[in-house]
Amino acid sequence: MSCRYPGAQSLRAFWELLRNGVDAITEIPASRWDVEEFYNPDRSTPGKMQTRWGGFLDGIDEFDAR
């Protein structure tokens, strides 16, 4: 079985995260998008997100679906 998770490149690494209680949620990486452009803590602001955190895969820009 193959898999990738935030903070873990394999099933074994993911299991270690779980066993050790590691939180793989991080601030949005600058390489993904400009968080300042889309973030606003006010939930009533249309078109904005209210969080600066998420689970992100390393090297996702290297993904090739072929």
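Below, the figures for the structure above:
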item	result
Residues being of a type outside the set (F, W, Y) and surrounded by 13 or more Cβ atoms within 10 Å (Cβ to Cβ) - total across segment 1-10	6
G54 vs. criteria out of contact with any Pro (no Cβ under 9 Å at 6 or more places or on another chain) and within 19 Å of Y5 (Cβ to Cβ)	no
Unique residue being in a loop (DSSP other than H, G, I, E, B), touching a residue at least 12 places away in the same chain (Cβ under 8 Å) and loosely packed, with under 11 Cβ neighbours inside 10 Å when the list is S44, S31	S31
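Since every read-out is calculated from the coordinates, none of them should be taken as a lab result. These numbers come from a predicted model, not from an experiment. Because the Cβ atoms are built from the backbone with ideal geometry, glycine has one as well, and the counts that use them run over all protein chains shown.
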